[in-house]
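The values are calculated or read from the model by the stated rules, or taken from the named source; none is laboratory data. These numbers come from a predicted model, not from an experiment. Glycine gets a Cβ as well: all are built from the backbone with ideal geometry, and neighbour counts include every protein chain shown. Side chains are part of the model used for accessible areas, which takes the heavy atoms of the whole protein and leaves out ligands, DNA and RNA. Shrake-Rupley method; radii C 1.70, N 1.55, O 1.52, S 1.80 Å.
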Amino acid sequence: MKQSIIAAMMSAIGICSGCKAQKTVKVLSPDDFIAAFKADTSAVLLDVRQPAEFDEGHIKGAVNLDWLNKEKFEKGLDKMDKARTYYIYCRSGRRSNAAAMKMRSEGFNVFDMKGGILEWKSLGFPVATDDGDPGKAIPAN
């Protein structure tokens, strides 16, 4: 009995220590996020909202890759260059953090924007509805 309790405790300790080993994603304020993005000439600005949300307004120059469409998201990841840094945002920060964690686990260098486009807009930062480049969306094929 005593051995099984000790074994269970050791197992729990091992599981918890494994949690600490996970890589986290750095979350930046909108000011720091855009400054870091602009300073990195090979960076990609990634909006992980649905296409209709993206069309309603996004940060100029962003590429759209819908996190909620898992198949398209996975296909999009397959086409991305892991040597580049990805600056990710969504509506409020929930989807972008999940997408960033997924990308981080697959070896991508990523940063997440705190508060998403809602925070961005609340600070008075501009949004674009048309970048004039229909090729900005990552293709699903």
Problem set entry | Residue pairs meeting the criteria (Cβ under 7 Å; at least 6 apart or on separate chains; first at positive phi and hydrophobic (A, V, I, L, M, F, W, C), in the stretch 119-131; second loosely packed, with under 10 Cβ neighbours inside 10 Å and part of a loop (DSSP other than H, G, I, E, B)) | none
Exercise. Asn109 versus (1) surrounded by fewer than 22 Cβ atoms within 10 Å (Cβ to Cβ); (2) of a type outside the set (A, V, I, L, M, F, W, C); (3) in contact (Cβ under 8 Å) with a residue 60 or more places away in the chain: which is the lone unmet condition?
Worked result: (3)
Exercise. From the set of residues in the stretch 66-106 that are open to solvent by less than 10 Å² (accessible area, probe 1.4 Å), more than 12 Å from Lys26 (Cα to Cα) and not aromatic (Phe, Trp, Tyr), which is nearest to the chain's Cα centre (by Cα)?
Worked result: Ala99
Exercise. Hey, Asp47 hits all of (1) touching a helix residue (DSSP H, G or I) at 6+ places or on another chain (Cβ under 9 Å); (2) under 17 Å from Leu118 (Cβ atoms); (3) surrounded by fewer than 21 Cβ atoms within 10 Å (Cβ to Cβ) but one; which does it fall short on?
Worked result: (3)
